[in-house]
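Written out below as structure tokens is the structure these notes cover.
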Amino acid sequence: MSRPRQFDDEEVVRAARDQFWSHGYDRTSIDDLSAVTGLGRGSLYGAFGDKHALFLQALDSYNSDAIGAWRSALRGPGPALPQLERFLRDVSQAISRDVERRGCMMARSATELAAVDKTVAERIAATVRGMHSELSDCLARAQEEGSLDAEADPDGLASLLLAVLRGLEALGRAGAAAEVVIGAAEQALALLPRVSTNEPAPDRLEDRSPA
């Protein structure tokens, strides 16, 4: 009869995720994972397989949380455009406050592994598609609400914003000043094809020139 596990799988995966996120895949050893999880090699291998299998679970956990955060931010109650603006500003400010320059685990994993690890590349590509979809859906809602130009391409705008967001991440990891990161986000928002809500003031009778 097998003994019941004396640990929480999710807590172990979160601990491993932090280790991989901070140090990368190649610079993380099984001994490192054992130290941060409190589990011996045998328990780690028995519960999660090898280092690569545990890394995939950690990456899946990160990606799931990331998509959940995007969905929550972009699908909340209220008008879509203010949600989108708040989201980009929150991301840019979070990046500018990341003094450790840990950045995004998905981006770090893509740089380190995507070119040589098909499984990692597929997981990251699926997450990027999900992020693009959330942006596109939010932009389409803004069009339906009349705050964005109805002739604009929401998929194309989503691609632009996604490229900006990933670029902000790269700027942050490179140590760019906060005003550079935040300023780039503001410029991206300024490029959105908004519908003006300012109606021209009607002519007043006394302002008209006599015929």
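State whether segment 58-171 is rounded, prolate or oblate according to the following rule on the C-alpha gyration tensor (a ≥ b ≥ c being the square roots of its eigenvalues): a/c under 1.5 gives rounded; otherwise a/b larger than b/c gives prolate, and the remaining case gives oblate.
Prolate, because a/c is 1.5 or more and a/b exceeds b/c.
Let me make sure I get this right: for segment 126-175, a, b and c are the square roots of the gyration tensor eigenvalues over alpha carbons, sorted descending. Under 1.5 in a/c it's rounded, otherwise prolate if a/b > b/c, else oblate. Which is it?
prolate
Of Arg108, Arg89, Arg41, which has the largest mean-square fluctuation in a 10 Å C-alpha GNM of the chain?
Arg41
Going by amide H atoms built from the backbone, whose H comes under 5 Å of the H on Gly76, apart from near neighbours?
Those lying under 5 Å, H to H, from Gly76: there are none.
Determine Rg/Rh for the chain; Rg is computed over alpha-carbon atoms and Rh is the Kirkwood hydrodynamic estimate from the same atoms.
Values: Rg = 23.1 Å, Rh = 19.9 Å.
Rounded to two decimals, Rg/Rh equals 1.16.
May I ask you to order 159-165, 170-176 by the average number of other C-beta atoms within 10 Å around their residues, highest value first? Intermediate values should be presented prior to the final figure.
On the way: 159-165: 17.3, 170-176: 15.4.
Per-residue mean Cβ counts within 10 Å order the peptides as 159-165, 170-176.
To the nearest 500 deg cm²/dmol, what mean residue ellipticity at 222 nm is calculated for the chain from DSSP H runs of n ≥ 4 alone, each contributing -39,500 (n - 2.57), summed and divided by the residues?
-21500 deg cm²/dmol
Arranged by the count of other C-beta atoms within 10 angstrom, fewest first, what order do Leu157, Leu192 take?
Sorted ascending by nearby Cβ count, the order is Leu192, Leu157.
Taking 0.36 nm per residue of separation and subtracting the Cα-Cα distance, what length does fully extending Glu144 through Ala125 add?
The span from Glu144 to Ala125 would gain 4.0 nm if fully extended.
When only C-alpha pairs under 8 Å and at least 6 residues apart count, what is the relative contact order of segment 20-130, in percent?
Values: 56 pairs, mean separation 34.6, N = 111.
Normalised by residue count, the contact order of segment 20-130 is 31 percent.
If one computes the Cα centroid of segment 132-180 and of segment 7-79, what distance in Å separates the two points?
Comparing the Cα centres of segment 132-180 and segment 7-79, I get a distance of 28 Å.
Mind telling me which of Gln187, Gln83, Gln93 comes out most flexible in a GNM of the chain, alpha-carbon contacts under 10 Å?
In the Gaussian network model the winner is Gln187.
In nm, give the distance between the simple-model label positions of Gln187 and His52, each being 7 Å from the Cα along the Cα-to-Cβ direction.
4.2 nm
Could you grab the relative contact order for the chain? Cα pairs under 8 Å, six or more apart, rounded to a whole percent.
Relative contact order comes out at 21 percent.
Report, as a whole number in µm² per second, the diffusion coefficient that Stokes-Einstein gives for segment 1-88 at 10 °C and 1.306 mPa s using the Kirkwood radius over alpha carbon pairs. Spell out each step's value before the answer.
Numbers: Rh = 14.8 Å.
For these conditions, the coefficient is 107 µm²/s.
In whole Hz, what ³J(HN,Hα) sequence does segment 179-193 give by Karplus (6.51, -1.76, 1.60; θ = phi - 60°), x for Gly and Pro?
With the stated coefficients, segment 179-193 comes to 5, 6, 5, 5, x, 5, 5, 5, 5, 4, 5, 5, 7, 5, x Hz.
Taking springs between alpha-carbon atoms closer than 10 angstrom, which of Tyr25, Tyr62, Tyr45 fluctuates most in the Gaussian network model of the chain?
Ranking Tyr25, Tyr62, Tyr45 by mean-square fluctuation puts Tyr45 first.
FYI, it's all coordinate maths here, none of it is from the lab. What you see is a predicted model; the values in this text were computed from it and never measured. Because the Cβ atoms are built from the backbone with ideal geometry, glycine has one as well, and the counts that use them run over all protein chains shown.
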